[in-house]
């Protein structure tokens, strides 16, 4: 086939109806709805939410999970487009470990050493490790599906950020349920669950996002 | 990578193309192709690949630009976007070459013999992939390109709706890109 013949055919194939950014946004919102649906159906908000909302430790969980989700989404979107670097979203994402480390240091400073272990182990770490991935699966699948319309130069990396984003969304919901508010618990178990999703995203990216 | 004015022109054409202007899209592809060819050729030469591979790479890049055109953020320069796609496809081509250098000598002899029979005509990869598509997709793709038929004429000929022809064409293009990629992994 001559190259001109190929061009003749390409021209007859109409452009996609929606832009990539729009579709990515739609997948994100749908992912949040799916994760939220599972959250309400399976665990729901903790009973003492009113009192918890006044505690700094409880609020800190969202100060960590929400920027994580947002930053990872921003990076995943940019990495899905050829010729684009991760950009400013990297900074949002990079702020999360700094925030977490600061909170852990404050907690260690405020709480007597005898309580460190019980704060770290918490009430139900296994629950955290299984529910965050459970709620993150839907958002990750949706993100990977739309990212196939993109063209990431580094598919595994882009998929990894999609995984972190899905983990961040799920962790935000899980934080509404979880009775463990100590930054020690969050740094250990939330991080572990979210990193598992990051690895899952890398694998999915490597498998599904090459083009 | 390219002259700024040139990139500006490409970006304008691509914006119109994404809005549904197929004449602008044709012009964009025709304008970009010589530049893609120059890049592919210089890469092939530095890497010692035969010139016949250049056109395969050009066609793969065009397919990728086509299928991924929605991933260009129209508020950004188009040069880096095209450059990244070309890079990706050249890497694919390199992998393919890496694999080919491992083929046993008998296969090489066979290939050489076959090439001689073909009278030195370059055998395009896309054509061999086209032959592996579903019958109906092949018919549609061939009918459109070789006979210069429009979508409507093709639809009439195969007694399909125009929408169905478009869908089949789109799927065929996606499959072709997929086949090119699979061959390189």
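Since every read-out is calculated from the coordinates, none of them should be taken as a lab result. Keep in mind it's a predicted model, so treat the numbers as computed, not measured. Cβ placement follows ideal geometry from the backbone for every residue including glycine, while neighbour counts extend to all protein chains displayed.
Some points to look at:
- Per residue, the Cα convex hull of the protein assembly as shown amounts to 184 Å³.
- Rg(Cα)/(2.2 N^0.38 Å) for region B:1-110, N = residue count: 1.22
- Here the scattering of region A:27-150 is modelled by Debye summation over its C-alpha atoms, one equal scatterer each and no solvent; at q = 0.11, 0.13, 0.16 Å⁻¹ the log10 of I(q)/I(0) is -0.52, -0.71, -1.02.
- Projected label distance in nm at residue B:2 and residue B:51, using a 7 Å step from Cα toward the beta-carbon: 2.3
- FRET efficiency, 1/(1 + (r/R0)^6) with R0 41 Å, evaluated for residue A:199 and residue B:128 via beta carbons: 0.60
- Chain A - Rg and Dmax from Cα coordinates, angstrom: 19.8, 76
- Between 0 and 90°, nearest 10: helix A:125-147 axis offset from chain A longest Cα axis: 20
- Here the calculated FRET efficiency for residue B:162 and residue B:30, from their Cβ-Cβ distance with R0 = 25 Å, stands at 0.50, rounded to the nearest 0.05.
- Label-to-label distance, residue A:54 versus residue A:101, with points set 7 angstrom from Cα along the beta-carbon direction: 3.4 nm.
- Degrees separating the helix A:20-42 axis from the principal Cα axis of chain A, which is the longest one: 40
- Dimensionless Rg/Rh of region A:94-211 - Kirkwood Rh, Rg from C-alpha atoms: 1.07
- For region B:33-85, the equivalent ellipsoid built from the Cα gyration tensor has semi-axes of 24, 11, 7 Å, listed from largest to smallest.
- Principal axis dimensions, region B:124-185 - Cα atoms, whole angstrom, descending: 38, 19, 15
- Residue B:74-residue A:156 pseudo-label distance in nm [points 7 Å out on the Cα-to-Cβ vector]: 3.6
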